[in-house]
Amino acid sequence: MEEKITYARAKEILQNQKISPKGLERVFLYESLGRVLAKDIFASEDMPEVALSNMDGYAISSTMIELSKGIFTILGENPAGNEKKVELPLTQPYAIKTLTGAAIPHNADILVPFENVNVDGECLRVNEFPKIGEFIRKVGDNYKKGEKLLSQGVRLNANHIGLLASLNQIFIEVFEKPKVGILVSGNEILEIGESKNNPHCFYNANGHLLYAKVKENGGMPKLYPILKDEKFSIQSCLKDALEECDLVISTGGASVGDYDFIQAISKEWSEKIVFRGVRIKPGQHIIYANFLQKPFFGLPGFPNSTLVTFELFVKAILTKLCGMPFKEEIVEVTLQEDLQKGDKRLEFRVCNIRHTRGKIFIDFEGKKSFQSAILNNFCPLDNARVGLAILEGNKLKGERIPVILLNS
């Protein structure tokens with residue numbers, strides 16, 4: 001077990017954990033939305049399979065331009081979906097009216113848009129000839145047979161659904177969602193809907209925050225009933241959760257107070273603890289362990305700390321269980337103001353992220369305090385995206401600092 005380690009060391013440990021998705025399942029196309037693809041997808045054929053018209057026009061052969069002197073005879077119409085194979089005779093200057101999405105007639109290599117012609121009955125006068133192949137989609141322009149189109153580990157969005165449908169994929173192989181148990185402990189915690197008769201009590205923000213975070217990041221959350229500060233009941237529920245779930249997260253009880261039983265239980269199972277304590281603010285009292293061969297995180301009880309430690313640490317393991325690579329979005333920004341910090345620990349300070357004239361700026365507007373209990377700092381009134389500014393010391397206006405972008 002390692003204690004009070006650096007942020008970099010904690011990230012290194014989590015990155016090196018050998019964790020894989022539990023299994024695969026086949027789901028209907030629509031149900032694959034938001035799921036993680038379990039195998040690479042390759043094109044089974046060229047797309048398009050034949051050359052197609054990119055716009056409404058007239059198909060002609062470049063070999064007839066000089067002979068035609070700009071005058072062609074229209075032979076007929078070629079609509080999209082035409083099942084007949086259309087061939088352009090090369091005996092004299094002919095043209096075939098070819099609509100958007102239709103196959104280009106055999107022997108034709110130029111499509112003249114409607115805007116570039118005058119038509120009088122069957123007589124076509126071309127005012128301007130396009131280049132050979134212009135306005136024509138060539139065979140395999142979209143993709144070639146055998147080309148990789150989607151990689152294992154991608155989380156499928158609506159665009160992917162459209163692509164899969166174009167490939168006639170009805171059922172998709174995805175990774176099973178990991179079950180994530182969420183334990184909340186504390187005598188002062190009330191479940192939402194309960195009456196609050198004691199001003200020293202608080203509603204279960206952490207449990208529902210973690211439930212939403214797990215779901216947002218591809219897991220299947222299970223929120224257990226609130227646990228009172230009783231060592232036996234916490235230990236019993238923890239064992240149940242470890243047996244039922246692929247990952248367990250607890251919030252509260254990870255500090256060093258008399259009623260912090262997660263900390264006490266973890267000491268009894270200390271040989272299974274990977275690290276305890278990271279020198280960061282907020283969230284220094286975090287525990288990561290492998291209990292019953294299952295990954296376990298003991299997160300601090302303050303909501304701000306819970307959220308930050310989930311983003312920094314839990315996501316690294318959860319994404320592995322989902323079958324995705326873990327990637328943090330980090331950008332460097334120029335400070336618009338001086339920043340002071342009174343703590344030697346590496347600080348992750350919540351900030352608003354603004355995009356102005358192609359540049360990224362941050363500010364701390366509406367951030368009432370940087371104490372660990374304040375969750376509304378992550379919910380700006382103007383719906384700005386939020387991030388975590390990484391502060392190693394006092395910073396001056398004009399200096400550049402790294403910022404972790406959080407989910408929009």
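The values are calculated or read from the model by the stated rules, or taken from the named source; none is laboratory data. Not measured: the values here are computed from a predicted model. FYI the Cβ positions are ideal-geometry reconstructions off the backbone, even for glycines, and counts take in every protein chain you see.
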Return the residue satisfying two criteria in turn: it lies in segment 365-392 and is modelled with pLDDT of 90 or more and of a type in the set (G, A, S), and of such residues it is nearest to T306 (Cα to Cα).
G387
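Residue check: is G146 assigned to a loop (DSSP other than H, G, I, E, B), in the same structural domain as L33 (by TED's automatic domain parsing) and surrounded by fewer than 18 Cβ atoms within 10 Å (Cβ to Cβ)? Outline the logic, then answer.
Values: assigned to a loop (DSSP other than H, G, I, E, B): yes; in the same structural domain as L33 (by TED's automatic domain parsing): yes; surrounded by fewer than 18 Cβ atoms within 10 Å (Cβ to Cβ): yes.
So G146 passes the test.
Filter segment 181-199 for residues that are part of a loop (DSSP other than H, G, I, E, B) and within 32 Å of the chain's Cα centre (by Cα) and give the result. Give the steps one after another, and end with the answer.
Kept after step one, since they are part of a loop (DSSP other than H, G, I, E, B), are these residues of segment 181-199: 186-188, 191-199.
Of everything in segment 181-199, those that are part of a loop (DSSP other than H, G, I, E, B) and within 32 Å of the chain's Cα centre (by Cα) turn out to be E191, I192.
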Condition test on L52, is it surrounded by 16 or more Cβ atoms within 10 Å (Cβ to Cβ), in contact with a helix residue (DSSP H, G or I) (Cβ under 9 Å, 6 or more places away or on another chain) and touching a residue at least 24 places away in the same chain (Cβ under 8 Å)?
no
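Here is a yes/no grid of residues against (1) touching a residue at least 40 places away in the same chain (Cβ under 8 Å); (2) small (G, A, S):
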| residue | (1), (2) |
| --- | --- |
| A8 | no, yes |
| L14 | yes, no |
| K18 | no, no |
| S32 | yes, yes |
| P48 | yes, no |
| S61 | yes, yes |
| I65 | yes, no |
Is one or more of the residues making up segment 306-315 outside any helix (DSSP H, G or I) and basic (K, R)?
no
Answer residue from segment 117-143, given it is over 45 Å from the mean Cα position of the chain (by Cα) and farther than 16 Å from K69 by Cβ and is surrounded by the most Cβ atoms within 10 Å (Cβ to Cβ) among those:
V119
Looking at (1) under 30 Å from F313 (Cα atoms); (2) exposed (fewer than 15 other Cβ atoms within 10 Å of the Cβ); (3) out of contact with any strand residue (DSSP E or B) (no Cβ under 9 Å at 6 or more places or on another chain), find the lone condition where L67 falls short.
(1)
Out of all the residues in segment 200-221, which are without any contact (Cβ under 8 Å) to a residue 24 or more places away in the chain, surrounded by 16 or more Cβ atoms within 10 Å (Cβ to Cβ) and assigned to a helix (DSSP H, G or I)?
H208
Could you please find all residues in segment 347-361 being assigned to a strand (DSSP E or B), modelled with pLDDT under 90 and not aromatic (F, W, Y)?
R354, H355, T356, K359, I360
Hits in segment 301-320 - residues which are at pLDDT below 95 and among the hydrophobic types (A, V, I, L, M, F, W, C):
F302
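Among K327, K397, K344, which is in a loop (DSSP other than H, G, I, E, B), basic (K, R) and over 23 Å from I286 (Cα atoms)?
K397
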Looking at (1) more than 28 Å from I110 (Cα to Cα); (2) in a loop (DSSP other than H, G, I, E, B), can you tell me which one L164 breaks?
(2)
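If you take the residues of segment 284-304 that are aromatic (F, W, Y) and buried (at least 21 other Cβ atoms within 10 Å of the Cβ), which of them is nearest to L247 (Cα to Cα)?
Within segment 284-304, the subset aromatic (F, W, Y) is 288, 291, 296-297, 302.
Among the residues that remain, those that are also buried (at least 21 other Cβ atoms within 10 Å of the Cβ) are: 288, 296-297, 302.
On the way: Y288: 11, F296: 6, F297: 8, F302: 21 Å.
This residue is F296.
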